[in-house]
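This report concerns only the one structure given below.
The values are calculated or read from the model by the stated rules, or taken from the named source; none is laboratory data. In this text, all values refer to a predicted model and were calculated from it rather than measured experimentally. As a convention, Cβ positions derive from the backbone with ideal geometry for all residues, glycine included, and neighbour counts pool all protein chains shown. Just the protein is used for accessible areas: all its heavy atoms, side chains included, with ligands, DNA and RNA removed. Shrake-Rupley method; radii C 1.70, N 1.55, O 1.52, S 1.80 Å.
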Amino acid sequence: MKLKSIDYDLKKVKSKNTTSTVFSWAQVNNTSAEQTLTKTDVPIERDNTYEFRWDKASKIPATLKANVSIPCNGSAVVRLSTEMNVSMGSTTGTQTSKIDKWVEEYPAKIPRFSTVTVTSTLTEGKTIIPFTAILYYGDDIEHTLAEKGNFYGCNFFDFKNVFKESSLTP
């Protein structure tokens, strides 16, 4: 079974973006000399996952293989160019597309009589998009089968660092 086309119902997209703190750090220097820190990388990793769930769990003894483009999170477009292997006999099939990694940065020098804080945030976007897939067998693109389902996507983006320095009274 092969994919002829996939149409997403963008009028029925449900999406939610949640921003959360993934790193927080503070350093106090209550001395009259500037402090120098040894920096250590702090890796932050998140899995972006994509899943197709079919409304109909019909027993079709074939595997669907397709390259698809998936709209995600408002006006942004995520292009999923990996080959998707989805068994039509199953109602779910999770595919991890990629793992995003960020490295936290923070200052190496802390001014005298001050406190330096760093807060890093990351936005998680979750999207549900109804779709209709048009499938065909072998080379017979004239006889097609329509299957409906929902695409579920979760991706991470908008990594931000906020630095704040405040003076201590000596």
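Here are some notes:
- Taking first residues from the range 121-143 that are within 30 Å of residue 160 (Cβ to Cβ) and partners that are at pLDDT below 85 and in a strand (DSSP E or B), the Cβ contacts under 7 Å between residues at least 6 apart in sequence or on separate chains come to 129/71.
- Looking only at the range 14-47, and only at residues there that are closer than 17 Å to residue 157 by Cβ and β-branched (Val, Ile, Thr), the one that is least open to solvent (accessible area, probe 1.4 Å): 44
- For the range 110-123, taking the residues that are over 14 Å from residue 25 (Cα atoms) and either of a type outside the set (S, T, N, Q) or at pLDDT below 90 (or both), the one that is least open to solvent (accessible area, probe 1.4 Å) is identified as 122.
Let's see how each residue does on (1) at pLDDT 90 or above; (2) under 30 Å from residue 47 (Cβ atoms); (3) buried (at least 16 other Cβ atoms within 10 Å of the Cβ); (4) touching a Leu at 6+ places or on another chain (Cβ under 7 Å):
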residue: 130; (1), (2), (3), (4): yes, yes, yes, no
residue: 133; (1), (2), (3), (4): no, yes, yes, yes
residue: 138; (1), (2), (3), (4): no, no, no, no
residue: 143; (1), (2), (3), (4): no, no, no, no
residue: 147; (1), (2), (3), (4): no, yes, yes, yes
residue: 152; (1), (2), (3), (4): no, yes, yes, no
residue: 159; (1), (2), (3), (4): yes, yes, yes, yes
residue: 165; (1), (2), (3), (4): yes, no, no, no
residue: 169; (1), (2), (3), (4): no, no, no, no
